[in-house]
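What follows is a single structure, written as structure tokens, with notes after it.
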Amino acid sequence: MAHAKTSYVCLPCRASYKQPHPGSGPGPGHRDRPCPRCAEPLIHVGSAFAAPRRRDVAGWRTLSLLLHAGVRFHKSCCGGPGYRPRTPGEVRARMAYARTTGEPFAQALVRRELP
């Protein structure tokens, strides 16, 4: 039986890696996974993740904001992770909406449309 793959990223290196999904019990899957380039811990982002190109500075800045807000890219019942902002402007608009309404940042960031 093949092991499912999931994505991990290193923000400083702007790199993404597919690795076996961590197991549900204790063991090697739960230890920090180091980046092969810089040895910093990788961030588990989920199996429905598509990385921006390494040169796409704005895309990686947007990704960093999403990850620091707790947003990940796990498959849902419909196959994908749902809407995720792709530009700093989309992130700024959703952060402003969250500040004015009191909605949690992670929830506002995944809103497809703003009222």
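The values are calculated or read from the model by the stated rules, or taken from the named source; none is laboratory data. Source: prediction; values computed, not measured. So basically every Cβ, Gly included, is an ideal-geometry build from the backbone, and we count neighbours across all protein chains shown. These accessible areas exclude ligands, DNA and RNA; they are computed on the full protein's heavy atoms, side chains included. Shrake-Rupley method; radii C 1.70, N 1.55, O 1.52, S 1.80 Å.
Rundown of residues vs (1) of a type in the set (Phe, Trp, Tyr); (2) at pLDDT below 95; (3) touching a Pro at 6+ places or on another chain (Cβ under 6 Å), yes/no style:
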{"residue": "LEU11", "(1), (2), (3)": "no, no, no"}
{"residue": "PRO20", "(1), (2), (3)": "no, yes, no"}
{"residue": "GLY27", "(1), (2), (3)": "no, yes, no"}
{"residue": "ASP32", "(1), (2), (3)": "no, yes, yes"}
- Test: PRO104 is open to solvent by 60 Å² or more (accessible area, probe 1.4 Å) and touching a Leu at 6+ places or on another chain (Cβ under 8 Å): no
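Here is a yes/no grid of residues against (1) more than 19 Å from LEU42 (Cβ to Cβ); (2) not charged (D, E, K, R):
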{"site": "ARG72", "(1), (2)": "no, no"}
{"site": "TYR83", "(1), (2)": "yes, yes"}
{"site": "ALA93", "(1), (2)": "yes, yes"}
{"site": "GLU113", "(1), (2)": "yes, no"}
- Task: Filter region 34-48 down to residues that are at pLDDT 90 or above and either of a type in the set (Val, Ile, Thr) or in a loop (DSSP other than H, G, I, E, B) (or both), then give me how many there are.
- Result: 9
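Go through region 49-76 residue by residue and tally those that are hydrophobic (A, V, I, L, M, F, W, C) and part of a loop (DSSP other than H, G, I, E, B).
Of region 49-76, the ones hydrophobic (A, V, I, L, M, F, W, C) are 49-51, 57-58, 60, 63, 65-67, 69, 71, 73.
Filter once more, keeping what is part of a loop (DSSP other than H, G, I, E, B): 49-51, 69, 71, 73.
Residues flagged as hydrophobic (A, V, I, L, M, F, W, C) and part of a loop (DSSP other than H, G, I, E, B) within region 49-76 amount to 6.
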- Item | From THR101, THR87, THR62, residue being among the hydroxyl-bearing types (Ser, Thr, Tyr), without any contact (Cβ under 8 Å) to a residue 40 or more places away in the chain and within 21 Å of LYS18 (Cα to Cα) | THR62
- Scanning region 40-54 for residues that are within 11 Å of SER16 (Cβ to Cβ) and among the aliphatic types (A, V, I, L, M), the one surrounded by the fewest Cβ atoms within 10 Å (Cβ to Cβ) turns out to be ALA50
